[in-house]
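First comes the structure, then the notes that go with it.
The values are calculated or read from the model by the stated rules, or taken from the named source; none is laboratory data. Just so it is clear, the model here is predicted, and its values are computed rather than measured. We place every Cβ from the backbone using ideal geometry, glycine too, and count neighbours over all the protein chains shown. Just the protein is used for accessible areas: all its heavy atoms, side chains included, with ligands, DNA and RNA removed. Shrake-Rupley method; radii C 1.70, N 1.55, O 1.52, S 1.80 Å.
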Amino acid sequence: RDLQGINDRFAQVEESNLPGIQQAVWAFDQAQIKVLLDGIVTLRDFEFAELRDGERSLAKSGGPVQGAQIAKTFALTHMHRGQKLKIGELKIIASLRGVFLRLIDRAGVVLLSNGIKTFFVALFIAYIFGRLVTRHLTSMAAYTRNLTPARLTEPLALIDRPASSEKQDELDQLAGAINEMRVNLLETYQALGESEEKFRSFAKSA
């Protein structure tokens, strides 16, 4: 878009400024020529304008342009007694430095806005994951860590989730497996208790 804008401004100079410059050159109005060249240089990205007559520089405005640039030369003519005379040429140089700086600024804005959006999306995903998964895993870990023979009768129940659901996900299956392990441990401890009681009875009888 910026390059197209530069080309559009070249076309604007050719259409609007060139006739006035040709009249000023034919009349050799130095003051008017200077004003017109200064006006061209004030256009965006235009940094140098020079009016030449062959190898001779008649007037110029702006300074030397370093780096990438676009230059365009317009032939200056004047109709005199039915003949089209060439009275000089106008050279305009547009620098691409401003284009690159604007591109960098836009890239920075895009990266910053995308970074902010990505941050909030990641934050939302982290919240959802924590709400749906992490807190249940934490409660399971705390349950298994604090599981003792005296607490084997307490089943594991997930937070804010129905104990019996037709559609069970992986967390429900994991909780069910832990509860099955708890039941097996409870039955094993009960069997061990009965065996100890029988052993005491036999020992007492002996």
With every protein chain left in place and a probe of 1.4 Å, what is the accessible surface of Met79, to the nearest 10 Å²? 120 Å²
Sparse-neighbourhood loop sites, GluC sites (Glu not before Pro) in the stretch 27-126 - DSSP loop, at most 10 other Cβ within 10 angstrom: Glu55
Order the following by accessible area, largest value first: Lys167, Lys91. Probe radius 1.4 Å; ligands, DNA and RNA are ignored. Lys167, Lys91
Students sometimes get this wrong: rank Arg52, Arg182 by accessible area, probe 1.4 Å, all chains present, largest first. Arg52, Arg182
Where the accessible area of the stretch 1-154 is counted over protein heavy atoms with a 1.4 Å probe, how much of it, in %, is carbon and sulfur? 60 percent
Within the stretch 1-47, DSSP-loop trypsin sites (Lys or Arg not before Pro) with at most 13 other C-beta atoms within 10 Å are Arg1, Arg44
With angles folded into 0 to 90 degrees, how steeply does helix 30-41 sit against the dominant principal axis of the chain? Use alpha carbons for both and round to 10. 10 degrees
If the elastic network links every pair of Cα atoms under 10 Å, which of Gly115, Gly176, Gly82 fluctuates the most in the Gaussian network model of the chain? Gly82
Largest-first principal axis extents of the Cα set of the stretch 1-66 (Å): 38, 27, 20
Using only the alpha carbons of the stretch 94-200, what is the convex hull's orientation-averaged projected area in square nanometres? 11.2 nm²
Flagged as over-length at 18 Å C-alpha distance, from Lys34/Lys91; Lys34/Lys60; Lys34/Lys84, the pairs are Lys34/Lys84
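Compute the accessible area per residue over the chain, keeping the other protein chains in place, probe 1.4 Å, unit Å².
Accessible area per residue, the chain: 69 Å².
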From the list (1) 9, 36, 38, 16, 1; (2) 8, 30, 33, 21, 7, 1, 0; (3) 7, 19, 13, 8, 7, 6, 7, 8, 8, 7, 5, 3, 2, 1, 0, can you say which value of P(r) over Cα pairs in 10 Å bins from 0, in percent was derived from the structure given? (3)
